Structures are given as C-alpha cells and as structure tokens.
Amino acid sequence: MKRIANLSLVLVAVAAAFIGGCKSKTPPTPDGEKEVVVPCSGPDFFTNAKVFRPNSIGESMDQVTSKKKALTNARNELAQAIQTTVKTVTDNYTNSRSMNRKEELEQKFESLNREVVEQTLQGVRTICEKLVQTKDGNYKTYIAIELSADELVKQYNQRLSTDDRLKIDYDYEKFKDTFNQEMEKRKSGN
C-alpha cells in the first residue's frame, strides 16, 4: 500500500512538472523597462475569423469627450480593417469569376464598399470600456468594439443582390467563401 502511495506521489510530481513546463513562458522585461498593461486590448480583443475587433484610447479634460474620441478612433480603425479586407476579397472574387466586365465590377464593389461600411458601423457593439482619470485630472477612455463578420457579409449580400448589373455576375456563396478565407488569414495574422 505504501508503494502505491509513493508511486502516486511520483506520478503527481511528474505530471505537475510536465504541466508546468508546458506553460508558455514570457521573456523577462529588459532592465530599466516596465511592461504596460493596456485595458481593453490583448489577445481577447483581436480580430478573428468571426469578428472584427479594434480597440482605442481617447483622452480629454471632459469625460464624455474622452469616450467620443476613443469610440471615433475605434470606428475609424474598424472601417479601415473592413475596407482592406473587402478590397482583398473583391480582388480575389473578381479574379476567380473571370468576367469580361471585371473592371466595371471592381468599381461597383468599391462604391458599394463605402456605402456598406457606413451602414454596417451602426451594428457595432462595445465589448470593453474602461474610464480612468489621469494624475493631471484628464479622463482617459479605453474601448474595444466588435462587428460580426457574418453581419457584414449579409449587408453586402443585401446590397449586391439589389443591384441589377451586379446581380448578373454575383454569386453569394462564392463571395462568402472568399470572405471567410480572408477572415481566416486575419485570424492567423494577429
């Protein structure tokens, strides 16, 4: 019985050492430097295959203005991320469609992109918000927002399927597949 108890202790110690060795170790901070932890940022707030997630900071002497600045900056970052992603998707989609009217289709997508980005930003939700007051009395707002990638694709589908000229060449499933592939790349890029 004593042997079993000792064997159990050895197994527990080996398992603990193994599990402890598997944890990711962060390198030490260089001498003279101090790590800064920024609220509403980090891996939990990265864009992934399902959502766009920008974060930002706004500072002002006025509490409301600090929030407006943070939200405006985050929305601008979101709009740029959407435009970049959709531009890549559009390029890949139109290339794969090999149509005679490729240039016309690309121009229509660009115009549509601006409209959809403006409309879609209304579907943004705040996933993190933290208000602090600095030592000099200013207010600083940390904010993270997100937008569903599926919601964005639905918005594009609605707009594309109502345009008679685009409807001829538009294939929703192909567009969605191309979009999802690009979102998967963004996931691995963070």
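Laboratory data are not the source of any read-out in this text; all were calculated from the coordinates shown. Since this is a predicted model, take the numbers as computed values, not measurements. Here the Cβ is made from the backbone with ideal geometry for all residues, glycine too, and neighbour counts use every protein chain on show.
Descriptive notes on the structure:
- Close amide H pairs (under 5 Å, H built 1.01 Å from N) link CYS128 with ALA144, residues at least 5 positions away or on another chain.
- Amide H within-cut-off set for THR47, under 5 Å, with H built and near neighbours excluded: ARG53
- Too-long pairs where the Cα-Cα distance tops 19 Å, listed order kept, from LYS87/LYS174; LYS50/LYS130; LYS67/LYS130; LYS68/LYS130: LYS50/LYS130
- Most to least packed among 139-148, 48-57 [average Cβ atoms within 10 Å]: 139-148, 48-57
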